[in-house]
Every structure is written in C-alpha cells, then in structure tokens.
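Structure first, then comments.
The values are calculated or read from the model by the stated rules, or taken from the named source; none is laboratory data. Computed from a predicted model, the values in this text were never measured in an experiment. Methodologically, a virtual Cβ is constructed for each residue, glycine included, from the backbone with ideal geometry; neighbour enumeration extends over all protein chains shown. Each accessible area value is taken on the protein alone, full model and side chains, heavy atoms only, with ligands, DNA and RNA left out. Shrake-Rupley method; radii C 1.70, N 1.55, O 1.52, S 1.80 Å.
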Amino acid sequence: LFVVLDALPVTANGKLDRKALPAPDVSTAQEYVAPSSANEVLLAGIWAGLLKLDVEQVGAQANFFALGGHSLLVIQMLAQLQQAGLHSDVRTIFGAPTLADLAAALAPAAEKPHFVAPPNAIPEGCARIEPWMLPLIELSQDEIDRIVSTVPGGAANVQDIYPLAPLQEGILFHHLMQKESDAYLMPNTLAFDNRARLDSFLSALQVVVDRHDILRTAFAWESLNQAVQVVWRHAELRIDELSFDGGDVRLQLSERFDPRHYRIDVREAPLVRAFIAYDADSERWLLQLLNHHLVSDHTTLELLVAEIQAQLHGKALPPALPFRNYVAQARFGMSQAEHEAFFHEMLCDVAEPTAPFGVLDTLGNGSGIEEAHLPVETMLGKRIREQSARVGVSAAALMHVAWALVLSKVATREQVVFGTVLFGRMHGSTDGERTLGLFINTLPIRIDVDGQSVLDAVRAAHVRLSDLLRHEHAPLALAQRCSGVAAAVPLFSALLNYRHSRPATGQKGAAPAWEGISFLGGQEWTNYPFTMSVDDTGAELVLTAQIAAGVAPQRVCAYMHMALEQLTDALEGFPDTSIRALTVVPQQEHHLQLAEGKATEADYPSDLCIHELFERQAAATPEHIA
C-alpha cells in the first residue's frame, strides 16, 4: 500500500532537494508574438479583460490556462464571443494550446446556431393544463390532472411542468431512499443584530423567490411514469419563529434541523425553509435557512446571496432567466448514443469498482461522516499554478491526478475511477453563469496510475476532462451502464469536487461584509462516503475531506497534500518519473509505519511464523477480541 519514492532527491526531512534538481525538460514559455488576425485581436482583448491583464501581455502564442484561466472564465469567454457573432465550444477551448489556434477555430455564430428550448405554452390564468402545453415532457391528461391537484390554487398556479435534470434524478432517488434524513438538505445559520434587519433580509429573499422559477419549483412522482418538477406561479416563503428556554440557541437550532435526522417535503415549493429565534444571551436574531440541493448548487447559492444583497441596497437586477432552458438542453442537446459511445470507450474494461479502504456504500445520509480541512501550503499552491501553466493544463487536471494517486494507493488499484463534479453550465445558454438552479452533475472519470510518466498522466487527465465536459449533461446511470461492473455494485464511492469559490470576507477580492449580518456556518453532505473538495479562491487552495467513520479525514487530507507535493516536485524536476512511483504517505506517517510501528522490546519466539504466534495467542485467550 505504501510506496516509497526513491527517484527524487530529498533532504533529511523528506522534502525535495531543489538544489539537486536538473533543469526541467518541459516549458510553455514563448516569446511574445503580437496577435495579427481580426479574431486574434478580438480574442486577446477578451482574454485581457477576463484575466485582468494588459492586452500587450496576451500574445498569439499565449495559453488561456497558463495565464490563469478556468472554467468560470470559459463561460464568460463563450458569452462574449457569442455577442461578437462568433462561436466556439468547450472542447475546442480546452484543446487549443494557443490563442492563435483558438482564434483560427472560431466560426461565425450563424453557422452553429445555439440550442433554443421550445417555449412554455401554459397561459396565465389557465383553467386546465393539457398535454400539448408541455413541450418538454409527454404526460397523459390523467397524469397532468394528478400533478395539478397537488398545487395550491390548482392550474392557475402552475407555470410549467418538465422533467428532472440529470443530477436532480439522483438526488431525488436518495431523498426517497432516506426516510428520516436527507443528505442533500443544506443548512446555513446567519445572525442579525436586530429584528428589522432580519425582516428586511427575509423580504428580499421572497423577492428573489418570486423572480426565479427554480425557487418556486416542487417535485412530483407519485402515480407517475416519471418524476417531474412543477413550477408554481407563486410560492410563499415559509417562516417559523421558535423560542428556546435558555441554553445555546445557535446549537439548539442546528441540532433541531440537522439533515441527518430532519427532512422537508420536496412536494411543496419553495424548497427553502426559514426558522428564526431570538438569542437573548447574545442579543441577536438567528436565522436557520434550509436550502435543498434539488434546486441549487454552489454557484446558485452565490447568485442568490448576491441578489439578496442587491435588493437590500436598492440596486436594479437584470431579468431572471428560466431553468427550463437548461433542462431542455440536457434532454435534447446531445444524443444518448453519443454519450454511450464516450463512456463505453472509457469504462468498458473496468470490471471492478474503486473502493478506497474497501468502502463502497453509496446509500448513506451523511451520518457517520467525519470532516477535516487542510489549507494547501501557500508556496505549494503557487507552485501548483506555475507547473500547471508550464505544462499548459488547468490546475483542475493536476488536482484530478493527485486524487487518483491517493485512491490508487488506498484502493490498491492502477485503474482508478471516481466521480467528479462538473460545473454543468458549459453548454447551456450564454447566460448560464447567472441562471439559478442545479446545474452541476456528477460523472465518472478514469485515470490510470500505471507506468506512464507524471507529465503524460497530467496531460492525459487534461484531455479527458475536456472530453468529459462535452458530456456534462449525461445521466450518471447511463455512464455506469457502460462499464463492466455489475449493475448492483456502485462503479465508484469516491468523489472529487474542485470548485472556484469566492474568497472569504476580509480577503482581497472578497465581497463586502453586510452591515449587521454575519454568517455563522453551514454544512453540505453527499451520499458518497469518500469525498475530497478543493476550494480554489484564486488566492488559496483549501482541502476538505468528508470520510466515512473509521478512516480519519485528517489523514486523507494529508495524503492529498502529499500527492500534490509529489506531483509538483516531479513536474519541476523529473517529469518522466513513473506516476505509480510517487507516494502519498507523509514523512511522519511513513516513519511511524516503518520504524516506530515495528519497534518492540518484548521478547518473542523468533523461530515461529506470525500465523503460528497468532494461533498460540488464540488458544491461550480464546475469549479475547482478535
């Protein structure tokens, strides 16, 4: 399980000896070549704006990711290209090594028309909804009538009915499996210095709910051939005021609405619940806000917070964009056959699941999960970005290889498959960056930790990620069917969530603090028992491990940090090193395993084998635990 790395020169404390490194044999450094064609000049201006650079810093041989680009900025780039009458796609952007290559691949937008969802046909004041009014789904009249009967106000309060997005299907499955808990109910606690400020916040939240269809969405599945989401025209935010007889009010709120023993009815919109209580000891009002993952992701929560803030400051907001456009894109954009061909090629020879430490249960509700955080050392974070840029890949590629390296050691496999959380907004409308809803998707990615070099492994991961992005709307069930793993067995139980996040308040570039309002904490769980999240704020990288009980999450964070060190060291000095030769065991644990853990001063029969000693002890004390 523990591979010792002998290929790299190290100091006494186990760190890489940089003075002993030879000159690197890879480089993306290029002499500046001025953009020449009209497309190159346009693209250089877009990159400079997105990356906060002087346009003179963006040459024809520049690499978008080497300059600091990432998936969030790719969406903005696509939107600006669309506005300029040009078209590109995610695979082209991730695959084009230079600005000149991407500029040459741009095409007039008219040649590649954007997907347009069929319009909603339910008129306001509709007395009865009929099948022809629902272009995104086929339902019988009886099914429609059953759905409408569950909505307060009947047909007049139904704005739309359509299918679930890919990840919504999986989350609803787990919601129905967990009868007394809900791993995908996300609690957040806020404090307010007075009741008036709390009331203003809740009023602003209601305005945001009124603006966005996904926040007025409920789910129906009973007596239906398929689950649907139902957009209500009006959904009143439910606010419950509670009182506690002394004690820690914040703790009592958190415990009462802990998703590990609390759930909400997802058949009733909005899937946001507010519970308020006065904390007399601190002379403040507390708000326990429950938000369900069925209707939101990380980006949606940031957009929701930004809109509430804009409301409180009297700022105008742009028109809200419908979530139905994304559902239509996911359903009708790429064919099932194209998805199947891609995942079959990647997974067809995978016959066994990747189970770290043998953990394979993916039906959990968050109970028994332990969490730990570990900031990546500042200098290592800087080196990770530098090496990603040198090799011409995104930092995400390096993170995926590092996680694959960890899993290969703790699952004793060279053929590693794990789930990766995809942004989900890369192929929707050009306004996907500001639409609320659950866009993310979880799909399998395969990375082989075998005899290939570190450099080849990182570049191969970059290519595979860019290919996977083209299929970000594929259902997970479809992908799993394309593998050789038995249908009843999960393909993977480990997850990587690499996401770009806003820096915390107080950091450079952070959102301004709200007067009289403070965020006290929140929590997110999944059904996966072995999850690594990497939050990239641009200024720092933070690792968060959520691991099933029995495996210390601090230990997994340390493995990931060590894997990042090893990969970065190898890219800096020995990029041809075999990826399987790297270790994930920190020096301290390595010493414990090989030295302290084996040290004993006890006298024992050295002429017997270990199994014979075990047999002797079992015979002497049969009632003891082995």
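Here are some notes:
- Looking across the range 360-387, the residues that are outside any strand (DSSP E or B), more than 14 Å from LEU564 (Cβ to Cβ) and open to solvent by 10 Å² or more (accessible area, probe 1.4 Å) come down to LEU360, ASP361, THR362, LEU363, GLY364, ASN365, SER367, GLY368.
- Taken over the range 504-536, the residue count meeting the criterion of being of a type in the set (Ser, Thr, Tyr), open to solvent by less than 40 Å² (accessible area, probe 1.4 Å), at pLDDT 85 or above and out of contact with any Leu (no Cβ under 6 Å at 6 or more places or on another chain) is 1.
- Among residues of the range 59-79 that are in contact (Cβ under 8 Å) with a residue 40 or more places away in the chain, those with a Cβ under 6 angstrom from a residue that is among the β-branched types (Val, Ile, Thr) and in a helix (DSSP H, G or I), sequence gap 6+ or separate chain, pair up as VAL74/ILE93.
- Applying a threshold of 9 Å to beta carbon distances and a minimum spacing of six or more residues, or different chains, the list of pairs starting in the range 604-626 at a residue that is among the hydroxyl-bearing types (Ser, Thr, Tyr) and ending at one that is open to solvent by less than 100 Å² (accessible area, probe 1.4 Å) reads TYR604/LEU613.
- Flag for VAL585 being of a type in the set (Val, Ile, Thr), modelled with pLDDT of 85 or more and under 30 Å from SER296 (Cα atoms): no
- Counting only residues that are more than 30 Å from the chain's Cα centre (by Cα) and open to solvent by 40 Å² or more (accessible area, probe 1.4 Å), the range 245-272 holds 4 of them.
- Residue within the range 273-293 that is buried (at least 20 other Cβ atoms within 10 Å of the Cβ) and under 16 Å from GLY424 (Cα atoms) present: yes
- Selection within the range 423-439: residues that are touching a helix residue (DSSP H, G or I) at 6+ places or on another chain (Cβ under 7 Å) and under 26 Å from CYS348 (Cβ atoms). The member of this set that is modelled with the highest pLDDT is MET426.
- Scanning the range 327-340 for residues that are crowded, with 17+ Cβ neighbours inside 10 Å, modelled with pLDDT of 85 or more and in contact with a His (Cβ under 9 Å, 6 or more places away or on another chain) gives a single hit, HIS339.
Rundown of residues vs (1) more than 29 Å from ARG434 (Cβ to Cβ); (2) open to solvent by 40 Å² or more (accessible area, probe 1.4 Å), yes/no style:
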residue: ALA79; (1), (2): no, no
residue: ASP89; (1), (2): no, yes
residue: PHE94; (1), (2): no, no
residue: PRO97; (1), (2): yes, yes
residue: ALA100; (1), (2): yes, no
residue: ALA103; (1), (2): no, no
residue: LEU106; (1), (2): no, no
residue: TRP132; (1), (2): yes, yes
residue: SER149; (1), (2): yes, yes
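- Test: residue in the range 70-88 that is of a type outside the set (Asp, Glu), in contact with a Pro (Cβ under 8 Å, 6 or more places away or on another chain) and at pLDDT below 80: yes
So that you can scan it fast, the table gives a plain yes or no per residue for (1) farther than 26 Å from ASP240 by Cβ; (2) modelled with pLDDT under 90; (3) of a type outside the set (Ser, Thr, Tyr):
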residue: HIS174; (1), (2), (3): no, yes, yes
residue: PRO187; (1), (2), (3): no, no, yes
residue: ARG195; (1), (2), (3): no, no, yes
residue: SER200; (1), (2), (3): no, no, no
residue: VAL208; (1), (2), (3): no, no, yes
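- Any hit, the range 578-593, residues being more than 10 Å from VAL454 (Cα to Cα) and in contact with a Gly (Cβ under 6 Å, 6 or more places away or on another chain): yes
- Positions within the range 122-180 being part of a helix (DSSP H, G or I), aliphatic (A, V, I, L, M) and out of contact with any Leu (no Cβ under 9 Å at 6 or more places or on another chain), in sequence order: MET133, VAL148, ALA155, ALA156, LEU176
- Yes/no for GLY59 being open to solvent by less than 50 Å² (accessible area, probe 1.4 Å), touching a Phe, Trp or Tyr at 6+ places or on another chain (Cβ under 7 Å) and modelled with pLDDT of 80 or more: yes
- Selection status of ILE144, farther than 23 Å from ALA274 by Cα, in contact (Cβ under 8 Å) with a residue 12 or more places away in the chain and surrounded by 19 or more Cβ atoms within 10 Å (Cβ to Cβ): yes
To keep it simple, each residue is scored yes or no on (1) under 25 Å from LEU465 (Cβ atoms); (2) touching a residue at least 12 places away in the same chain (Cβ under 8 Å); (3) aromatic (Phe, Trp, Tyr).
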position	(1), (2), (3)
LEU321	no, yes, no
ARG331	yes, yes, no
HIS339	yes, yes, no
GLU345	yes, no, no
ASP349	yes, yes, no
PRO353	yes, yes, no
PRO356	yes, yes, no
ASP361	no, yes, no
GLU377	yes, yes, no
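- Enumeration of residues in the range 569-584 that are in contact with a helix residue (DSSP H, G or I) (Cβ under 7 Å, 6 or more places away or on another chain) and buried (at least 23 other Cβ atoms within 10 Å of the Cβ): ALA570, LEU571, ILE579, LEU582, VAL584
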